[in-house]
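Input: a single structure, listed below in C-alpha cells.
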Amino acid sequence: MEIRAFEFSRDLVEDLVLLVTEEDLQDYAWPSQEVKTLLLAQGFSGKSGETAACVYVPAGRETPVKAVAGGLGKGEELTLEKVRRAFGSVLKQAEKLKIQALTVLPWASERLAPGDVARALTEAGLLAAYRFERYLGEKKERSLRSLQIGYTPEQEVEVIAGIKLGQALGEATNLARDLVNEPANVMTPARLAAEAQKAGEQYGFSVEVLDKEEIEKLGMVAFLEVGKASVNEPRLIIMRHLGDPGNPEQVLGLVGKGMTFDSGGLSLKQAQGMHTMKYDMAGAAAVIGAMSALSREKVRLNVVAVVAACENLVSGTGYRPGDIIGTMAGKSVMVESTDAEGRLTLADAIHYIITKENASVVVDAATLTGAVIVALGNITTGVITNDSGLYERLQQASQQCGEKVWQLPSFPEYKEQNKTPHADLRNVGGREAGTITAGLFLEEFVQDKPWLHLDIAGTAFASKDGDYLSEGATGAGVRLLYHFAETYL
Ligand code: BES
Ligand code: MN
Ligand code: ZN
C-alpha cells in the first residue's frame, strides 16, 4: 500500500473518503450537495461504525467518482482511535467497491491536530492492509493500492510529518505481527535473533546475540532451565539504540518475553488451543518492533531491549516440577509448574538489563498469564507497576496509539502467594490473582528501579477480524512502547 500526502484541490477529484461526526453532518464540506443528499438518503448519520457509499459525476466531468463516508460519532467524544476505527470500516467498504485509489479529504475538526490524524490514518491504512499469506498457494487479490491524505496549504508540514511517523509505526507493528504469526517450526530462538539482526540493519540499531555458552557464562540459570528440553538452543538478544549518548545515566530498558513455543513442559498444556502458543514470543516481537520505530525515527533517547529467547518443550533433558533452581540474581526458585516459565526467563532478562546494560527504567512486555484474559479479555493490556508516575506516562502513550491499558493492584499482601518454605520464591502464586502474582514475581528482580509490566496475553492475538486489525497477531505493545519512550523527550 502506497500512502502519500496530497495538497487537496476540489477540481482534482478521485474516489473520496469522507470522515464525518454526527454534529458536522449538515455543515460538512461535502464535495457536492448531490453527494450529501445521496449519503443522507441512505440513513447515514455520522454514528460510530456507520459507513455509506455513493457514486456521482462531479460538475464538469464525465466519469463517475465514488465517495465512501465513515461515521466518527459524537464530536466531543472524538479520539484518534475512533478515527482509526472509522477509517478501517471505510477501507473495508472501499475494498467491496473494488476501489483502487482513495483520497481522504483534508481534516477540518479542531479537536484533533491534522498531523496526529494523518498519523492515525496512515497507521490504520497499513494495519488494515496487512495479511499473513506467506504460506498460501493462492494469495487473495486486493483492489486498494494507494491512499492519498489530503491537506490544506497550512497543514502541509504537519501532515507530511504525521504520515512519516504513521508509516514507521504501522510498518513496525506489521513487522511484529509477521514475527508472531510465523509458526514455531520456523520462528526458533535462532531465527528470532536473526530477524532482530535484520531489523537492526534495516533501521539502524545495533544487535548482539549470545548463544548458550555465553548465556551460561552470564549465569542466567533460570533462563537456561526453561530452554533445556529443546534442541533449538536459547539465544539472548540485546538491541541497543543509543540516541542520547551525552546522557548515559538515562537508559530505558525494554524486556520482551520470547518463548518461541510454550508447550507447558512436563506440566503439559492441554492439546486444545496449544497451537496458539507459537505466539508466546509476542512480547519479544513488540520490543523488536518498538526498537525499529525508535531508531528509524532517530529518537533522542537511550533505549536497550533484551529478549531471552527459548522454547518450552518436553523431553528427558527438561526441568521438572519440584526442581529448585537458581537465577542470575542469586535468588532460588521452586518450580511448581514448568508452565509458569515466562517469569523465570524474564527474571533473568530483567536482572541482566539492569546490571549489565545499566537500565534506569524497565518496561517488560509478556504474554505471561491466561488469567489476564479472564480478567480483561482481549481488549485491554493488564499492567503491574511499582511507580505511579510511570503508569501516567503509559496512559499518555495509550491515548496516542489507542492500545488500551489498565493497572491491576499490587498490594504487598499478594506477595505471600509467591512464598514457599524451601526456596526464596515459587514460580506459581496459586489460582487466585494469577496476573498479579506473576507480576509481583518479576518485581522481585527489578531492584527498586521504576518498572512497568505489560501482560499482553489477551491483546497480542485476535481471534476475529476487527475494524482495522485482522485475525491473528495484533502487534500489541509496539506503538505503546514507542509513545511511552517519547514521553521522556
Ligand atoms: N504463555 C502462557 C500464558 C498464556 C496463556 C498466554 C494463555 C496466552 C494464552 C504462560 O506461560 C503460562 O502458561 N501461564 C500459566 C501460569 C500458571 C501455570 C501459573 C497460566 O496462565 O496458566
Ligand atoms: Mn507457560
Ligand atoms: Zn508462556
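Numbers for the structure displayed
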item	result
Flag if Asp364 is more than 10 Å from ligand 1 (Cβ to nearest atom), among the acidic types (Asp, Glu) and under 22 Å from the mean Cα position of the chain (by Cα)	yes
Test set (1) open to solvent by less than 10 Å² (accessible area, probe 1.4 Å); (2) more than 16 Å from ligand 3 (Cβ to nearest atom) - Leu346 fails condition number	(2)
Any hit, the stretch 265-284, residues being more than 16 Å from ligand 2 (Cβ to nearest atom) and either under 21 Å from Leu368 (Cβ atoms) or touching a residue at least 40 places away in the same chain (Cβ under 8 Å) (or both)	no
Unmet criterion (only one of (1) touching a strand residue (DSSP E or B) at 6+ places or on another chain (Cβ under 9 Å); (2) of a type outside the set (Phe, Trp, Tyr); (3) within 16 Å of ligand 2 (Cβ to nearest atom)) for Met291	(3)
Count - residues of the stretch 217-236 that are over 13 Å from Ala308 (Cβ atoms) and open to solvent by 40 Å² or more (accessible area, probe 1.4 Å)	4
Among (1) crowded, with 18+ Cβ neighbours inside 10 Å; (2) among the hydrophobic types (A, V, I, L, M, F, W, C); (3) outside any loop (DSSP other than H, G, I, E, B), the one test that Ala184 misses	(3)
Only listed residue being open to solvent by less than 40 Å² (accessible area, probe 1.4 Å) and in contact with a helix residue (DSSP H, G or I) (Cβ under 7 Å, 6 or more places away or on another chain), chosen from Glu311, Glu297	Glu311
Those residues of the stretch 461-485 which are surrounded by fewer than 18 Cβ atoms within 10 Å (Cβ to Cβ) and not small (Gly, Ala, Ser), in sequence order	Lys464, Asp465, Glu471
Scan of the stretch 324-336 for residues that are within 16 Å of ligand 1 (Cβ to nearest atom) and under 23 Å from Glu233 (Cβ atoms), ordered by number	Ile325, Val333, Val335
Selection count, the stretch 396-413, where residues are open to solvent by 40 Å² or more (accessible area, probe 1.4 Å) and either within 15 Å of the chain's Cα centre (by Cα) or touching a residue at least 12 places away in the same chain (Cβ under 8 Å) (or both)	7
In the stretch 367-380, residue farthest from the chain's Cα centre (by Cα) [restricted to those that are hydroxyl-bearing (Ser, Thr, Tyr) and within 16 Å of ligand 3 (Cβ to nearest atom)]	Thr369
Contacts under 8 angstrom Cβ, first residue in the stretch 336-365 being within 24 Å of Arg479 (Cβ to Cβ) and of a type in the set (A, V, I, L, M, F, W, C), partner open to solvent by 10 Å² or more (accessible area, probe 1.4 Å) and within 16 Å of ligand 2 (Cβ to nearest atom), 6 or more apart	Leu346/Leu368
Val251 within 14 Å of the chain's Cα centre (by Cα) and either of a type outside the set (Ser, Thr, Tyr) or within 13 Å of ligand 3 (Cβ to nearest atom) (or both)	no
Subset of the stretch 453-474 [closer than 20 Å to Gln396 by Cβ and assigned to a loop (DSSP other than H, G, I, E, B)]	Ile456, Thr459
The stretch 239-267 - residue that is within 14 Å of ligand 1 (Cβ to nearest atom) and either assigned to a loop (DSSP other than H, G, I, E, B) or not assigned by TED's automatic domain parsing to the domain that holds Ala457 (or both) and, of those, nearest to Trp451 (Cα to Cα)	Gly264
Breaking point among (1) closer than 27 Å to Asn185 by Cα; (2) open to solvent by 10 Å² or more (accessible area, probe 1.4 Å), for His351	(1)
Matching residues, the stretch 49-95, being open to solvent by 10 Å² or more (accessible area, probe 1.4 Å), of a type in the set (Val, Ile, Thr) and in contact (Cβ under 8 Å) with a residue 60 or more places away in the chain	Thr79
Matching residues, the stretch 370-388, being touching a Gly at 6+ places or on another chain (Cβ under 7 Å) and surrounded by 24 or more Cβ atoms within 10 Å (Cβ to Cβ)	Val372, Ile384
Residue match in the stretch 136-148 (condition: among the aliphatic types (A, V, I, L, M), within 18 Å of Thr474 (Cβ to Cβ), in contact (Cβ under 8 Å) with a residue 40 or more places away in the chain and not in a strand (DSSP E or B))	no
Considering residues of the stretch 446-463 that are among the hydrophobic types (A, V, I, L, M, F, W, C) and farther than 19 Å from Ala340 by Cα only, the residue nearest to the chain's Cα centre (by Cα)	Phe461
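The values are calculated or read from the model by the stated rules, or taken from the named source; none is laboratory data. None of the values given here were measured: they were computed from a predicted structure. Methodologically, a virtual Cβ is constructed for each residue, glycine included, from the backbone with ideal geometry; neighbour enumeration extends over all protein chains shown. We work out accessible area using only protein heavy atoms, side chains counted, and drop any ligands, DNA or RNA first. Shrake-Rupley method; radii C 1.70, N 1.55, O 1.52, S 1.80 Å.
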